[in-house]
Amino acid sequence: MTDTLRILIAGGVVLGILVLLHEWGHFIAAKWCGVRVDVFSIGFGTRIWGVKRGDTDYRVSVLPLGGYVRMAGDNPVEERTGAPYEFLSRPRWQRCLIAVAGPVMNILLTYVLFMGVFWLWGMPTPSYFREAPEVIAVPHDASANGVIPGDRILQVNGKSTPTWSAVSRQAEIVKPGDTVTIVVLRQGAQQTLQVPVTQQSSGDTLFGFPELRAVLDEVAPATPADRAGLQAGDVIASIDGHAVVTWLQFVDAVHSSDGREIHLTVQRNGRDFPVALTPAHAIDADGKMVWQVGVSVVTRDYYERESFVASAKSSFDSTINGVRQIGTVLGGLASGRVSVRDLQGVIGIARESGRAAKRGPVDLIFLTAVISLNLGLLNLLPIPILDGGHVLMLAIEGAMRRDLSVAFKERFVQVGLVFLLGLFAFVMYSDIMRIIQGHH
């Protein structure tokens, strides 16, 4: 299958399922509230097939990208009969429930997908987590009295650490102000280290880096790495004259570059050649703004299945973590720390879906969960025409104890429509430019 066809199929399936499920949330809430649903459509445009059950026409339309629900009396500018089954005849709390049901369904889907992966496949974990915790390198800001390359970590705070997984578990429970006791095997003798934990401390600064060969897996288009000519399969041998013995050492150097030009030695097909590139400030996987160059590393992951209860907890934690990350990005947009150019639209989502599908079903399911969470939360924003905008308008009417005028509602929706169309066009333009730049 060609990459273009994979992108079209994966992107269409992912977006179609998410939008369809979102509308299904509105549908079941409307039914529960006694609102007549005239149309439930899979796809948009001309009806090509369907069946009518009760008052609802369940149809398939010509453009299979999502779907929509049309309820009786849901348009304030159209003539209404005032019948109790009309949307605008229902109490405000029911209309609010119908509005939020779509985003809630997307958020629930995220939770279910995460749980399904953790329970049926397992949590994807780098293979070095199973290996003995041999420190191969340390970050540039590691503690002076902490671990050094060549150490083997035996204990952390009295707990045996036979693997990097055990070290990681201990790293998760330390907090600023603590002093971590680390027992290491150094040059054949045991030593006990007392390392203070500061606000800037992380698991890497406390315990160093494991071995992970710096072989590039993917190079994102229109990124510093892409413009510098880096390719999948390249090996990063050195950075600014310092040998790179583990991938995490390279990541640390890029993050701490402060945007200055860095110089690499890259190995490709048995030959070394120099590469100069300047990191860009962009959003990372945790929703933070960091210096990066747009590459990922080849990893050998294993999947360790969790119990039903453990997977339920892990999926809850992952969903909450995703909410925090999206909140961080939205806060960055509001403060100007994050640019709208860093966002991705339909084209970007389709490309990422195609890349995830190429890596395998688990990656595609994970990406679907992340996109679903984004779709749900963004639809709750109090922007006219979005579900959150409807909730805002209902809240205003509730506070005023009367309905707003039709003219005001029309203008309210028009403002939101213009804003979203402008944002959509700009983000799509950015997606297209990334593709064009990636081919130069």
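The values are calculated or read from the model by the stated rules, or taken from the named source; none is laboratory data. Quantities reported herein were computed from a predicted structural model and do not represent experimental measurements. Positions of Cβ are generated from backbone atoms using ideal geometry, with glycine treated the same way; all protein chains shown enter the neighbour counts. Calculation scope for accessible area: heavy atoms of the full protein, side chains included, ligands and nucleic acids excluded. Shrake-Rupley method; radii C 1.70, N 1.55, O 1.52, S 1.80 Å.
Surrounded by 22 or more Cβ atoms within 10 Å (Cβ to Cβ) and assigned to a loop (DSSP other than H, G, I, E, B): is that true of V147 in this structure? In short, yes.
Taken over the range 223-252, the criterion of being small (G, A, S) and closer than 16 Å to E211 by Cα is satisfied by A237, S238, A243.
Take T161 and tell me if it is touching a residue at least 60 places away in the same chain (Cβ under 8 Å) and open to solvent by less than 30 Å² (accessible area, probe 1.4 Å). The answer is no for T161. Among the residues of the range 345-365, is there at least one that is modelled with pLDDT under 85, out of contact with any helix residue (DSSP H, G or I) (no Cβ under 9 Å at 6 or more places or on another chain) and of a type outside the set (G, A, S)? So far as the range 345-365 goes, yes, one or more of its residues are modelled with pLDDT under 85, out of contact with any helix residue (DSSP H, G or I) (no Cβ under 9 Å at 6 or more places or on another chain) and of a type outside the set (G, A, S).
In summary, A72 fulfils each of the numbered conditions (1) under 33 Å from the mean Cα position of the chain (by Cα); (2) surrounded by 18 or more Cβ atoms within 10 Å (Cβ to Cβ) with the single exception of condition (1). Scanning the range 228-259 for residues that are open to solvent by 60 Å² or more (accessible area, probe 1.4 Å) and either assigned to a helix (DSSP H, G or I) or free of Cβ contacts under 8 Å to residues at least 60 places away in the same chain (or both) turns up Q231, A232, G241, H242, A243, H255, D258. Of the residues making up the range 53-79, those that are under 19 Å from H26 (Cβ atoms) and free of Cβ contacts under 8 Å to residues at least 12 places away in the same chain number 4.
Any residue in the range 204-221 that is without any contact (Cβ under 8 Å) to a residue 24 or more places away in the chain and under 24 Å from the mean Cα position of the chain (by Cα)? The answer is no; no qualifying residue exists.
The combined condition, being over 30 Å from I396 (Cα atoms) and surrounded by fewer than 16 Cβ atoms within 10 Å (Cβ to Cβ), is not fulfilled by R92. Looking across the range 12-47 at every residue that is of a type in the set (G, A, S) and crowded, with 20+ Cβ neighbours inside 10 Å, the one that is farthest from the chain's Cα centre (by Cα) is identified as A30. Being assigned to a helix (DSSP H, G or I), surrounded by fewer than 17 Cβ atoms within 10 Å (Cβ to Cβ) and among the hydrophobic types (A, V, I, L, M, F, W, C) is the requirement here; does L109 meet it? Taking the combined requirement at face value, the residue does not satisfy it.
If the condition is being outside any loop (DSSP other than H, G, I, E, B) and closer than 20 Å to T246 by Cα, then the range 150-165 contributes R152, I153, W164, S165. Taking (1) touching a Ser or Thr at 6+ places or on another chain (Cβ under 9 Å); (2) of a type in the set (A, V, I, L, M, F, W, C); (3) within 30 Å of P384 (Cβ to Cβ) in turn, A171 satisfies each apart from (3). Hey, does the range 97-104 have a residue that's touching a residue at least 40 places away in the same chain (Cβ under 8 Å), within 30 Å of A407 (Cα to Cα) and not aliphatic (A, V, I, L, M)? Yes: the range 97-104 contains one or more residues that are touching a residue at least 40 places away in the same chain (Cβ under 8 Å), within 30 Å of A407 (Cα to Cα) and not aliphatic (A, V, I, L, M).
For the range 128-135, state whether one or more residues are among the hydrophobic types (A, V, I, L, M, F, W, C) and in a helix (DSSP H, G or I).
Within the range 128-135, one or more residues are among the hydrophobic types (A, V, I, L, M, F, W, C) and in a helix (DSSP H, G or I).
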